[in-house]
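Let me begin by presenting the structure, written as structure tokens, before commenting on it.
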Amino acid sequence: MDDVATGEPLIVLDSVNKWFGPLHVLDDVSLSVGRGEVVVVIGPSGSGKSTLCRTINRLEPINSGTITFDGQELPAEGKALAKLRSEVGMVFQSFNLFAHKTILENVTLGPVKVRREKPAAARERGLALLDRVGIANQAGKFPAQLSGGQQQRAAIARALAMQPKAMLFDEPTSALDPEMVGEVLDVMTSLARDGMTMVVVTHEMGFARHAANRVIFMADGKLVEDAAPAEFFANPRSERAKDFLSKIL
Ligand code: ADP
Ligand code: MG
């Protein structure tokens, strides 16, 4: 059955507030992401997009409100937190691969150490994942020997190796040379088509139009708009969104 059709939420933020000192960086943010849904988050620099991603993974504590993942309120610490964190894959702007490990080792490390998979099984699955992102032939190389686009695809494979229930992407193509953006977006689009639940911070409006179920526009820590992509791009309601779109489109 199509999970999106059931509307069953996987990630739910309810009145989340976060301050950095005097700065109200998440201002009463409520958001529900359904299973299999792809939500693109856009907004000006400093609007709180990265913080939103990091709070979903509890890399950042929140001051008030609740975050629920797969029906469970996110614990603040301990084993339960580690488990929840392993269920949410995260891909950052910088590829964050282990420089002194091969691409395949980067992908198998988490499954073997955290998920206690047998090395041979992890290897086999890792190679299949590298094949899925189109870099199986790079498995024995070190990160520095790969292009930026290949490294970011390796980072996606590494996150997928943990068999996450959701994937968070924070500007995954912003650090790439322009000619490599497409190959990473293609991998993300294919993941979306396969039904992965995704929250994607990006300035790639083509991806937002074609792969997202919803677009969320943030400004000053507030969730200002939440709409279907076609509706958002054709008819942004707020002045902030109109102004933002006029600058990037
Ligand atoms: P975005 O990803 O939309 O550019 P961020 O979530 O990175 O925005 O940041 C939102 C605001 O919070 C910015 O004003 C930023 O300077 C501030 N900020 C982010 N991280 C920290 C931190 N660790 N300490 C203090 N301020 C921070
Ligand atoms: Mg950011």
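Structure notes:
- The stretch 224-249 versus the stretch 143-203: alpha-carbon centroid distance in Å: 24 Å
- Most mobile of Gly126, Gly48, Gly21 in a GNM of the chain (Cα contacts under 10 Å): Gly21
- Rel. contact order, % - alpha carbon contacts under 8 angstrom, at least six apart, the chain: 26 percent
- The chain, helix-only ellipticity at 222 nm - DSSP H runs n ≥ 4, -39,500 (n - 2.57), divided by all residues, nearest 500: -11500 deg cm²/dmol
- Summed side-chain charge close to Thr189 - residues other than Thr189 whose Cβ falls under 12 Å, Lys, Arg +1, Asp, Glu -1: -2
- Computed from the Cβ-Cβ distance with R0 of 22 Å, the FRET efficiency linking Leu81 to Glu8 stands at 0.45.
- Counting charges near Val40 (Lys, Arg +1; Asp, Glu -1) among other residues having Cβ under 10 Å from its Cβ returns a value of +1.
- In the structure shown, the pairs Lys18/Lys113; Lys165/Lys247; Lys141/Lys222; Lys49/Lys165; Lys49/Lys79; Lys141/Lys165 are assessed against 31 Å; a Cα-Cα span above that value is assigned to Lys18/Lys113; Lys165/Lys247; Lys141/Lys222.
- Local net charge near Ile103, Cβ-Cβ under 10 Å (Lys/Arg +1, Asp/Glu -1): +3
Rule-based calculations on the coordinates, nothing more; no lab input. Keep in mind it's a predicted model, so treat the numbers as computed, not measured. Ideal geometry is used to build each Cβ from the backbone, glycine not excepted, and the neighbour counts take in all protein chains shown.
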